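The values are calculated or read from the model by the stated rules, or taken from the named source; none is laboratory data. Computed from a predicted model, the values in this text were never measured in an experiment. Positions of Cβ are generated from backbone atoms using ideal geometry, with glycine treated the same way; all protein chains shown enter the neighbour counts. Side chains included, ligands, DNA and RNA excluded: accessible areas come from the protein's heavy atoms. Shrake-Rupley method; radii C 1.70, N 1.55, O 1.52, S 1.80 Å.
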Amino acid sequence: MEILVDGKQVKLRYMKKPHIRNAYLRFKGDMLVVTARDERKAEQIIRENRKWIEKHYRSIRESRRLFDANSILFSGKRFVALLDKTARNSVETNSDVIIFRAKNEDSAERLLDRWLSERSISMVSDIVVSKAKEHCAEFRSIGICRGSRWGSCSSKKELKFNKYICMIPIDITEYVVAHELAHTHQLNHSRAFWDEVERMCPDYRTLRKELRSYDSYRRSVFRKLE
Ligand SMILES: [Zn+2]
């Protein structure tokens, strides 16, 4: 079996399960996994879902490309990412270029991961500290979290923000901070909570909508980085 999308061969794994009636398709990384009772069924499901396969494969490659030293999103802006193999372990940002100095692509990716995390914590800490002071909110700690949430606040008032939050525009990060700081007063999403958010971030309705537009980007990034 061979599947070509835009001239590239899609990696394929065939899992034979003789007892199953229907065949299934899923992507594991950029590899297509076909589960079927025999090869005839496997070929059939691939043929019938050609469009789905192409669409998913393209979106996976698109998201991977971000971390193959082409471009990355930072503060809501797309930067050209360059890899300089002549020096080691440093990151330099210019107006629209970020240069990663590392011995190869793998090290550059680790460097990028660490760099994003450091930028996120420093950016978010500044906003938390000034907003908390301005609005008399108390918190215990600021940390970084992975996974699918932009931020969280525990009952002990420990704030956590997504490791890659520095990728989104700063005004949207300000909304995320206001949201979590409001939870230090209200550990729910009641009317009183949203009033609190509005007090800290008057434009929160628009920013909250804009934040959602970054959700699919974040998911594609995480698939690659985590
Ligand atoms: Zn919340």
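Here are a few things to note about the model shown:
- Only beta bridges with both residues in the chain are counted; by DSSP, about 55 percent of them are antiparallel.
- Dipole of the chain [Lys/Arg +1, Asp/Glu -1 at C-beta], most positive-end residue of Gly7, Ile99, Ala81: Gly7
- When only the Cβ of Lys, Arg, Asp and Glu is charged (+1, +1, -1, -1), the dipole of the range 1-145 relative to its Cα centre reaches about 760 debye.
- Protein heavy-atom surface of the range 116-225, 1.4 angstrom probe: 48% of the accessible area is carbon and sulfur, with nucleic acids and ligands not counted.
- The range 35-177, relative contact order [Cα under 8 Å, separation at least 6], %: 18
- Neighbour-limited loop hits for trypsin sites (Lys or Arg not before Pro), the range 1-44 (at most 15 other Cβ within 10 Å; DSSP other than H, G, I, E, B): Arg21, Arg37
- The residues of the range 116-225 present an accessible area of 50 Å² per residue when probed at 1.4 Å with all protein chains retained.
- Taking a straight Cα-Cα cut-off under 23 Å and skipping sequence neighbours fewer than 8 places away in the same chain, the lysines within cross-link reach of Lys160 are Lys131, Lys133, Lys209, Lys224.
- Across the range 116-225, the relative contact order, built from alpha-carbon pairs under 8 Å that are at least six residues apart, equals 25 percent.
- Rounded if a/c under 1.5, otherwise prolate or oblate - the range 4-63, Cα gyration tensor axes: prolate
- Accessible area of Ser59 (1.4 Å probe, protein heavy atoms only, ligands and nucleic acids ignored): about 60 Å².
- Under 12 Å, Cβ to Cβ, from Asp96 - net charge with Lys/Arg +1 and Asp/Glu -1: +2
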